[in-house]
Amino acid sequence: MRLFSLTKLKNVVKQHGVSFALSLAIIVLMLLHASNVLPLGFIHKLENYTYDVRLNLLMPDTVDNRIVIVDIDEKSLIEQGRWPWGAIKWPHW
């Protein structure tokens, strides 16, 4: 006994052929995009947008005092010498 007869298979293809083909095309496009064979710009934009939304929803609205941004200008490079500076100079700041 067969699981599918040829007539049943034809009926399934008639009923679901378009949605199956569309689903397969979308999967192939996503796989090509994920493997960087066919980069899709709108997918990158969508990924960046969803990442930003997720960060805005899940990040706390507090400032972390452990993080310090240091801007090293030309004057400091002339006075202190070439970057990276040794550990001896850091405690003086």
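The values are calculated or read from the model by the stated rules, or taken from the named source; none is laboratory data. What you are looking at is a predicted structure, and each value in this text was computed from that prediction instead of being measured. Because the Cβ atoms are built from the backbone with ideal geometry, glycine has one as well, and the counts that use them run over all protein chains shown.
If I filter region 47-60 for residues that are surrounded by fewer than 10 Cβ atoms within 10 Å (Cβ to Cβ), at pLDDT 90 or above and in a loop (DSSP other than H, G, I, E, B), do I get at least one hit? The answer is no; no qualifying residue exists.
In region 61-93, which residues are loosely packed, with under 10 Cβ neighbours inside 10 Å and assigned to a helix (DSSP H, G or I)?
The answer is Glu74, Lys75, Ile78, Glu79, Trp90, Pro91, His92.
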